[in-house]
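The values are calculated or read from the model by the stated rules, or taken from the named source; none is laboratory data. Remember, predicted model here, so these are calculated numbers, not experimental data. Neighbour counts run over all protein chains shown; Cβ positions are idealised from the backbone, glycine included.
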Amino acid sequence: MAVQVDMNLEEAVLQFILENPGSLKSVISEAFRLSDYRLHRVFRHINRELDGCCLRHDATNGVWVVNIDSGMCLGHEWVGAGNGGFRQCHEKPLFSDGRCYKHSEFENPELTAFKRRLTYLIGPCDPNPWHLTQLSLDAVEELFQTLRRISPMTQKDFDERIRLLKVIISARAWLKWKDLMRQRGAGNRIPPEFEQRHRSSSVNTFEYSIRKYYVILEISPDSTKEEALRAWKRLAKLYHPDSSAGKASDEEKMKEINYAKDRIFRFRRWD
């Protein structure tokens, strides 16, 4: 049932959040009959007016008002719904965005340039070992040595560097093995353990890379938008921590389900 708004919309939404901390954005949207776009605009207006605090809206953990100390890192940490939801990080800011090593969105310019080169070589997709095995061994070796020389500046940099290194090392090992087989006279034959994957991914590398997300939602790759939404809602009822019908509430599982839905919708270009 929609909330009757007798005051300024921003004030009404803020009051609702203060009275119901941790409410999901979908609940607030329904209460005030707002689209996601309009709700985010309201959040931005509220943030401009808040003094000494800010709104933190999270797809899984809901919307909270967080007290802010301008002398501390502007990042937020989840401490649990029973402990007040989100709290400000207690570390000192180290970067221009006012955040510490763990929370900063700053990216090493060298890593940014490396990712652009990777996009140029394999296309605008999330890189996986199969994409890189389409390059020469020398090209992959150069990428490996370049990435090894880049020093991460933030936790985000570190995690991204580790992720890319794993992909490149896997492709490098495969290309070295392939080169060895060629030297031994085995030709360019794909070994049996890789044959099925090669056949599956050679038609559409983008679709192959997201097949695991279809598995998470328990649907087939040719499912329609309506079928994907039904599957997502069914799983949400089972795993969402706030669902009264859920018998197996699992916060991490719900995050995985939401991420799978988002990746599939992005790939299929569904609104």
Problem set entry | Residue check, Ser70 in the same structural domain as Leu18 (by TED's automatic domain parsing), in a loop (DSSP other than H, G, I, E, B), loosely packed, with under 15 Cβ neighbours inside 10 Å and on the phi < 0 side of the Ramachandran plot | yes
Exercise. Can Gly52 be described as modelled with pLDDT of 90 or more and closer than 19 Å to Gln88 by Cβ?
Worked result: no
Exercise. In the range 41-54, how many residues are crowded, with 17+ Cβ neighbours inside 10 Å and under 16 Å from Leu9 (Cα atoms)?
Worked result: 3
For this session: Search the range 34-48 for residues that are free of Cβ contacts under 8 Å to residues at least 12 places away in the same chain and pair each with any residue that is in a helix (DSSP H, G or I) when their beta-carbon atoms are under 6 Å apart and the residues are at least 6 apart or on different chains.
Result: none
Exercise. Given (1) crowded, with 17+ Cβ neighbours inside 10 Å; (2) outside any helix (DSSP H, G or I); (3) touching a strand residue (DSSP E or B) at 6+ places or on another chain (Cβ under 6 Å), where does Pro21 come up short, assuming only one miss?
Worked result: (1)
Exercise. Which of the residues spanning the range 78-91 are of a type in the set (S, T, N, Q) and either surrounded by 15 or more Cβ atoms within 10 Å (Cβ to Cβ) or modelled with pLDDT of 90 or more (or both)?
Worked result: Gln88
Problem set entry | Which numbered condition Phe106 misses (of (1) closer than 27 Å to Arg163 by Cα; (2) touching a helix residue (DSSP H, G or I) at 6+ places or on another chain (Cβ under 9 Å); (3) without any contact (Cβ under 8 Å) to a residue 24 or more places away in the chain) | (3)
For this session: Scan the range 212-238 for residues that are of a type in the set (D, E, K, R) and within 21 Å of the chain's Cα centre (by Cα) and jot them down.
Result: Lys212, Glu218, Lys225, Lys233
Exercise. Of all residues in the range 55-67, which are loosely packed, with under 15 Cβ neighbours inside 10 Å and either over 19 Å from Glu252 (Cα atoms) or modelled with pLDDT of 90 or more (or both)?
Worked result: Asn67
Exercise. Taking the range 214-237, which residues are modelled with pLDDT of 85 or more and crowded, with 17+ Cβ neighbours inside 10 Å?
Worked result: Leu217, Ala228, Ala231, Trp232, Leu235, Ala236
For this session: Looking only at the range 92-105, decide whether some residue is modelled with pLDDT of 90 or more, within 24 Å of Arg56 (Cα to Cα) and part of a helix (DSSP H, G or I).
Result: no
Exercise. When the residues of the range 262-271 are filtered to those that are in contact (Cβ under 8 Å) with a residue 12 or more places away in the chain and over 11 Å from the mean Cα position of the chain (by Cα), which remaining residue is farthest from Ile210 (Cα to Cα)?
Worked result: Trp270
Seminar exercise, completed: Note: among Ala171, Ala113, just one is in a helix (DSSP H, G or I), modelled with pLDDT of 85 or more and surrounded by 16 or more Cβ atoms within 10 Å (Cβ to Cβ), namely Ala171
